[in-house]
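Each remark here refers to the structure printed beneath this line.
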Amino acid sequence: MARKTFISYKYSEAQRLRDDIIEALGDDAKYYNGETSDSPDLTDTSTENIKKHLKDMIYETSVTIVIISPHMKESKWIDWEIEYSLKEIVRNDRTSRINGIVGVIMKYNDGYNWFITKNVQSDGHETINYNNEYLYPIIYNNHYNSNPPIYYCKTCKSFDQLDGSYISYIKEEDFLNDPQKYIENAYNKSKNTDNYDITKTR
């Protein structure tokens, strides 16, 4: 089943990936409720007007896709958009649930070494580490936060890539190859929030 989605991203460096995601959604793109290349430019409007515009878009969605890019922390809005996505908002006697959230790692300089490092454990399993210096706390505090922990390998205590974190990190080509898989996973976790220690504030 298609889910209504919003994409949070740094405009100046991730427009290409935003457009690729919308294209990869195929027919489900009609449920996308965020900015596109045809959206009005709100750069010169007030902060409150921009917030109202963003709130209206996010409120109608159930999954937020956040593009993890090298300079995302220069954005004025990404951490605010994620915080708002994690709120339960009351409007006209209707309360929205918190959004599921999935992180899509942008390929940079033909790879992911800017963000990902791999290590081989003593038992031979390969584990992945992510460079939190590129992320807002509200993102990395919601990674590896399943409670009780959901492990891929209980011996080396490596978390399951999808269900071990409320905000999973997915390489862009993997996400573009099957966006519905990762969107549905994020949505399902939003229905089971008691399984995660969720940080809701920046």
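A short reminder: the numbers here are calculations on the coordinates, not readings from a lab. Quantities reported herein were computed from a predicted structural model and do not represent experimental measurements. Cβ sites come from the backbone with ideal geometry, for glycine too, and all protein chains shown count toward neighbours.
Using the Karplus relation 6.51 cos²θ - 1.76 cosθ + 1.60 with θ = phi - 60°, the per-residue 3J(HN,Hα) values for segment 92-97 come to 6, 6, 10, 10, 7, 7 Hz, with x marking Gly and Pro. Once backbone amide H atoms are built at 1.01 Å from N, Ile101 has Thr64 as its partners under 5 Å, excluding neighbours fewer than 5 places away on the same chain. Angle of helix 179-190 to the longest C-alpha principal axis of the chain, folded into 0 to 90 degrees and rounded to 10: 90°.
At an R0 of 25 angstrom, the distance between the Cβ atoms of Glu83 and Val120 translates into a FRET efficiency of 0.10.
Tell me, Lys4, Lys30 in order of fewest to most beta-carbon neighbours within 10 Å?
Details: Lys4 20, Lys30 10.
Ordered from fewest to most neighbouring Cβ atoms within 10 Å, Lys4, Lys30 come out as Lys30, Lys4.
Each residue, Thr95 and Asp197, gets one label point 7 Å from its Cα in the Cβ direction; the gap between the two is 2.5 nm.
How do Ser85, Ser165 line up, fewest other C-beta atoms within 10 Å first? All intermediate terms of the calculation are to be shown ahead of the outcome.
On the way: Ser85 25, Ser165 22.
The order, fewest Cβ neighbours first, is Ser165, Ser85.
When the helices in the chain are scored as -39500 (n - 2.57) per DSSP H run of 4 or longer and the sum is shared across all residues, what 222 nm value do you end up with, to the nearest 500 deg cm²/dmol?
Values: 6 runs with 57 residues, N = 202.
About -8000 deg cm²/dmol.
Solvent-free Debye calculation, one equal scatterer per alpha-carbon of segment 5-195: log10 I(q)/I(0) at 0.07 Å⁻¹ equals -0.20. Summarising the amide proton neighbourhood of Tyr196: residues at separation of 5 or more, or on other chains, whose placed amide H is nearer than 5 Å comprise Asn147. Determine the shape class of segment 124-186: with a ≥ b ≥ c the square roots of the Cα gyration tensor eigenvalues, call it rounded for a/c under 1.5, and otherwise prolate if a/b is greater than b/c, oblate otherwise. The shape class here is rounded. The calculated FRET efficiency for Ser12 paired with Lys154, based on their beta-carbon distance and R0 = 45 Å, is about 0.60. Modelled spin labels at Thr36 and Glu173, positioned 7 Å past Cα toward Cβ, are 2.8 nm from each other. Inter-label distance, Ala29 to Lys107: 1.9 nm, where each label sits 7 Å from its Cα along the C-beta direction. Its relative contact order, with pairs defined as Cα atoms under 8 Å and 6+ residues apart, puts the chain at 23 percent.
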